[in-house]
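The values are calculated or read from the model by the stated rules, or taken from the named source; none is laboratory data. Keep in mind the model is a prediction, meaning the values are calculated, not measured. Here the Cβ positions follow ideal geometry from the backbone for every residue, glycine too, while neighbour counts run over all protein chains shown.
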Amino acid sequence: MRRKLAAGNWKMNGLAEALSELNELTVTYGEAPVDILICPPATLIDRASEAAEGSAVAIGGQDCHPKTSGAHTGDISAEMLRDSGASHVIIGHSERRDDHGESSTLIAAKATAAYDAGLIAVVCCGEHLSTREAGETLPHIGKQIAESLPDAATAENTVIAYEPVWAIGTGLTPTVEQIAEVHDFIRAELVARFGETTANGIRLLYGGSVKPSNAAEIFATSNVDGALVGGASLKAADFSAIIDALV
Ligand code: PEP
């Protein structure tokens, strides 16, 4: 039985006062029957980790460098995230793939760095609209998954987020049939590569314009084990409504 996960990605949003939203979550979810994750900007990880201590809310980074240390100005290693109190890290978000030209090979190296640091990697995949319109979604996702996941991926160290790029921050969402098609496909690809036990333990999140009004329908979809949420994770009230739809 896979434990559900509601993950929030604050992206490049949030100064110190944003911690009040996190505080609201930690009060509401001292305990929870699902896993809850907030990935604030790197500048807040330390304080967010302290604020979330003793609650059901885990804290994660939004990216990491594949190396542990060295001359990489502006980058953050997985070990540094762990040292700041993070337990998870998002890897290969489409905004990293597109804005920073990140390849799936690099993403696999980052996931390995996350494992080595004891972090859970939330590995993202997803197609652009042109890929979907060309009927190439499944081969595209299959390639991304094959290349972005290290052989060392397990149910304990890896979560996968399917995020169609055209649904991120746009208010557009795929139909539940489209979500199910991709999630069922990812599960089958995982079974083929990692075997039933590992594959059936890896959680598959959907991401892309999840909000309180559509969360329940998405969570009822085949092989959807939770959500990676951008905009609607910035306000505790909205994110709580999404968490509650998962319970
Ligand atoms: C995201 O960027 O991971 C995301 C899903 O964003 P939004 O929920 O705002 O579409």
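Scoring CYS124 on the criteria (1) crowded, with 17+ Cβ neighbours inside 10 Å; (2) under 26 Å from ASP238 (Cα atoms); (3) more than 16 Å from the ligand (Cβ to nearest atom) leaves a single failure, condition (3). Only a single item in (1) touching a His at 6+ places or on another chain (Cβ under 7 Å); (2) crowded, with 18+ Cβ neighbours inside 10 Å is not met by ASP35, and it is number (1). The helices (runs of 4 or more DSSP H) located wholly in the stretch 149-247 that include 2 or more residues which are within 14 Å of the ligand (Cβ to nearest atom) occupy 212-219, 236-246.
Of the residues examined, SER49 is not one that is without any contact (Cβ under 8 Å) to a residue 40 or more places away in the chain, within 20 Å of LEU246 (Cβ to Cβ) and out of contact with any Pro (no Cβ under 9 Å at 6 or more places or on another chain). For the stretch 154-196, a tally of residues being aliphatic (A, V, I, L, M), in contact with a helix residue (DSSP H, G or I) (Cβ under 7 Å, 6 or more places away or on another chain) and crowded, with 19+ Cβ neighbours inside 10 Å returns 7.
Looking at PHE194, is it farther than 24 Å from GLY135 by Cα and over 19 Å from the mean Cα position of the chain (by Cα)? Lay out the reasoning, then the answer.
Values: farther than 24 Å from GLY135 by Cα: yes; over 19 Å from the mean Cα position of the chain (by Cα): yes.
Against the criterion (farther than 24 Å from GLY135 by Cα and over 19 Å from the mean Cα position of the chain (by Cα)), PHE194 qualifies.
Selection of first residues in the stretch 116-145 that are under 20 Å from ASP63 (Cα atoms) and part of a helix (DSSP H, G or I) and of second residues that are at pLDDT 95 or above and among the polar types (S, T, N, Q), restricted to Cβ pairs under 6 Å at least 6 apart or on distinct chains, gives the following pairs, ordered by first then second residue: GLN144/SER104. Which residue, of SER104, SER87, is surrounded by 14 or more Cβ atoms within 10 Å (Cβ to Cβ), hydroxyl-bearing (Ser, Thr, Tyr) and more than 18 Å from THR154 (Cβ to Cβ)? Being surrounded by 14 or more Cβ atoms within 10 Å (Cβ to Cβ), hydroxyl-bearing (Ser, Thr, Tyr) and more than 18 Å from THR154 (Cβ to Cβ) holds for just one of SER104, SER87, which is SER104. Of the residues making up the stretch 1-17, those that are small (Gly, Ala, Ser) and more than 10 Å from the ligand (Cβ to nearest atom) are ALA6, GLY14, ALA16. ALA78 fulfils the conditions (1) surrounded by 23 or more Cβ atoms within 10 Å (Cβ to Cβ); (2) within 16 Å of the ligand (Cβ to nearest atom); (3) more than 14 Å from LEU37 (Cβ to Cβ) except for a single criterion, (2).
With in contact with a Gly (Cβ under 9 Å, 6 or more places away or on another chain), free of Cβ contacts under 8 Å to residues at least 40 places away in the same chain and aliphatic (A, V, I, L, M) as the only criterion, which of LEU204, LEU172, LEU234 stands out?
On the way: LEU204 fails: free of Cβ contacts under 8 Å to residues at least 40 places away in the same chain; LEU234 fails: free of Cβ contacts under 8 Å to residues at least 40 places away in the same chain.
One residue alone meets the criteria, LEU172.
Mind listing just one residue for me: the one in the stretch 1-45 that is within 15 Å of VAL89 (Cα to Cα) and small (Gly, Ala, Ser) and, of those, farthest from the chain's Cα centre (by Cα)? Per the stated criteria, the residue is ALA42.
Here is the figure for the stretch 46-81: residues that are over 17 Å from GLY8 (Cα atoms), under 19 Å from the mean Cα position of the chain (by Cα) and not hydrophobic (A, V, I, L, M, F, W, C) total 4.
The rows are residues; the columns are (1) part of a helix (DSSP H, G or I); (2) surrounded by fewer than 18 Cβ atoms within 10 Å (Cβ to Cβ).
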residue: ALA7; (1), (2): no, no
residue: GLY14; (1), (2): no, no
residue: THR43; (1), (2): yes, yes
residue: ILE59; (1), (2): no, no
residue: THR68; (1), (2): no, yes
residue: GLU95; (1), (2): yes, no
